[in-house]
């Protein structure tokens, strides 16, 4: 009797489980975990070229800030619910770095298919092969214009950017201009972008030797932001800026010195930041042979170059 009762209980339980399972909604795949940064092949010409680039380098490249669209059911009224995955170039993890001068960062998308293809070609032939192997980007976004609006005193000024490294993407600006460049100009432009990326990797501790080159230990004088004049009592007598280890000087004094002998030049030397930018850019835009031939008569310039070359090669730039 007890065995019959036990069988009966198990039978009832099995019925409940069967009914419960039959009432379940049909399982549907979720789109919540879709990786929008995986580029799939496409019959579209631009889409196919982006796929080939992704296959070759593993870096997703986009020509639109909307990188995916998907229908996700319907709303109360039966209208389709669309999901748009967009790239926010200003997105950051945690609190953003404070920049009191920055008002906004803006951009416009490439409309021309020819410009989009030219941008993809620039990445393939120039930029991506030159990136260090250990440098990683979630994606690259090709743009027409890319600029910041910044406060300068009481005025707001526009500053065009060639590149901006965000958390979600590396934004490449001015691609319409790149499309019109000669191969030599594109190679120089590659150097400009690499220099911008490299400057972000440098910190003050790494640069102490570089800055000390433009320092006179006898006079205990830093050459940065100093006035160079022909005065007999001047701490820094008139001479070409290269004599003091600089590649340039304050541009406001160009016209004043035009046509004059360097022994009569008057100018202000650069800030540390501007001096560093000049040398990092020169590293990427000249071969070592070209640079050393150009500045063979200026030992301080060559000393700074060697320091920058060591830092850049340590970072993986070749």
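Taken together, the values in this text are just the output of simple stated rules run on the coordinates, not laboratory data. Computed from a predicted structure; not experimentally measured. FYI the Cβ positions are ideal-geometry reconstructions off the backbone, even for glycines, and counts take in every protein chain you see.
If I fit a long axis through the Cα atoms of helix 204-213 and take the longest principal axis of the Cα atoms of the chain, what angle between them do I get, 0 to 90°, rounded to 10? Compared with the principal axis, the helix lies near 20 degrees.
Among 79, 187, 64, the residue with the largest mean-square fluctuation in a Gaussian network model of the chain, with springs joining Cα atoms closer than 10 Å, is 79.
Fully extending the segment from residue 227 to residue 70 would add 50.3 nm, taking 0.36 nm per residue of separation and subtracting the current Cα-Cα distance. Could you compute the FRET efficiency for residue 35 and residue 56, with r as their C-beta to C-beta distance and R0 at 22 Å, rounded to 0.05? Calculated transfer efficiency: 0.75. For a paramagnetic label modelled on residue 264 (point 7 Å from Cα along Cα→Cβ), amide N atoms under 19 Å away belong, within segment 204-244, to 228-234, 237-241. Gain on full extension, evaluated as 0.36 nm per residue between residue 121 and residue 88 minus their Cα-Cα distance, stands at 9.5 nm. Per-residue packing, averaged as other Cβ atoms within 10 Å, sorts the ranges 196-207, 132-143 into the order 132-143, 196-207, beginning with the highest. Looking at segment 45-201, what % of the alpha carbon pairs are farther apart than 18 Å? The proportion of pairs with Cα distances above 18 Å equals 63 percent. A crude spin-label estimate for the pair residue 248 and residue 48, with each label 7 Å from Cα along the Cβ direction, gives 4.3 nm.
Relative to the current alpha-carbon distance between residue 107 and residue 177, full extension at 0.36 nm per residue lengthens the span by 23.8 nm.
Computed from Cα positions, the angle between helix 113-122 and the longest principal axis of the chain comes to roughly 70 degrees.
Ellipsoid semi-axes for the chain, based on the Cα gyration tensor and the rule √(5λ), read 59, 23, 20 Å when sorted largest first. Counting only alpha carbon atoms, the long axis of helix 299-315 and the longest principal axis of the chain meet at about 10°. Across segment 204-315, Cα-Cα pairs more than 19 Å apart make up 45 percent of the total.
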